[in-house]
Amino acid sequence: MPTPSPRQPQDLMQLLTRAERLAARRLQSVLDEDGCSLDAWRVLALLSDGTGHPMTAIAEAVFLPPATLTRLVDHLVDQNLLYRRVDPHDRRRILAHLTPRGRTYWRRLDREVRARWPVLNEGDDDVLRSLLERLADTLGAAGERSTF
């Protein structure tokens, strides 16, 4: 019986990086037609749930440093896609929301992306999502343990 190969983190990193870059390239080609960046798409996707989100939570969710997010949100506000409001429960926080124009823009982008996104075999999307979530959770937990 062949012995299992030793775990090679670089092999997994190579596959994850390749998949992420190919996915980003495909997604950006769709977004370019509407003048939307990948980072803006991520922000719009988060805000599409209809609830306001604080800037710190948005920055964390879309993997942007706060200063970069502020510039991006300023741009989206200038395009009348987002607006900011003081959080009624914590007046120190600012919440970002989609405008009606932003919701319409998001729905169009979402339809176009979904129509052109490649579909894996039946059930594979769920399996892949589950495995990636487990990997992220495992890596996050391992990182938390190593800081103590």
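The values are calculated or read from the model by the stated rules, or taken from the named source; none is laboratory data. Model, not experiment: these values are computed from the prediction. For neighbour counting, all protein chains shown are included, and Cβ atoms are generated from backbone atoms with ideal geometry for every residue, glycine included. Quick note on the areas: whole protein, heavy atoms, side chains included, nothing else; ligands and nucleic acids left out. Shrake-Rupley method; radii C 1.70, N 1.55, O 1.52, S 1.80 Å.
Taking amide H as placed 1.01 Å from N in the peptide plane, the amide H of His53 sits under 5 Å from that of Ala96, each at least 5 places away or on another chain.
Hey, what's the chain come to in accessible area per residue, 1.4 Å probe, Å²? Could the numbers behind the result be given before it?
Working: 11010 Å² over 148 residues.
Per-residue value: 74 Å².
Would you mind telling me the share, in percent, of accessible area of the chain contributed by carbon and sulfur at probe 1.4 angstrom?
Details: 6130 of 11010 Å².
Using a 1.4 Å probe with all protein chains present, the chain comes out at 56 percent carbon and sulfur.
Pairs of Cα atoms in the stretch 1-84 fall into 5 Å distance bins, from 0 up to the last occupied one, in shares of 3, 12, 19, 18, 15, 11, 7, 5, 4, 3, 2, 1, 0 percent.
For Arg93, the residues whose amide H sits under 5 Å from its own are Asp87, ignoring neighbours fewer than 5 places away on the same chain, with H placed 1.01 Å from N. Between the helical axis of 9-32 and the longest alpha-carbon principal axis of the chain there is an angle of about 30 degrees. Given in Å, the Rg to one decimal and the Dmax to the nearest whole number for the Cα atoms of the stretch 22-148 are 16.7, 48.
Scoring 23-30, 114-121, 74-81 by mean Cβ neighbours within 10 Å over their residues and listing the highest first yields 74-81, 23-30, 114-121. Report, in degrees rounded to the nearest 10, the 0 to 90 angle that the Cα long axis of helix 38-47 makes with the longest principal axis of the chain. The angle comes out near 70 degrees. Loop sites here are GluC sites (Glu not before Pro) outside DSSP states H, G, I, E and B with no more than 14 other Cβ atoms within 10 Å. The longest part of the chain free of them is 34-121. Sites listed here are chymotrypsin sites (Phe, Trp or Tyr not before Pro) in the stretch 50-128 whose DSSP assignment is loop and whose Cβ has at most 11 other Cβ atoms within 10 Å: Phe63.
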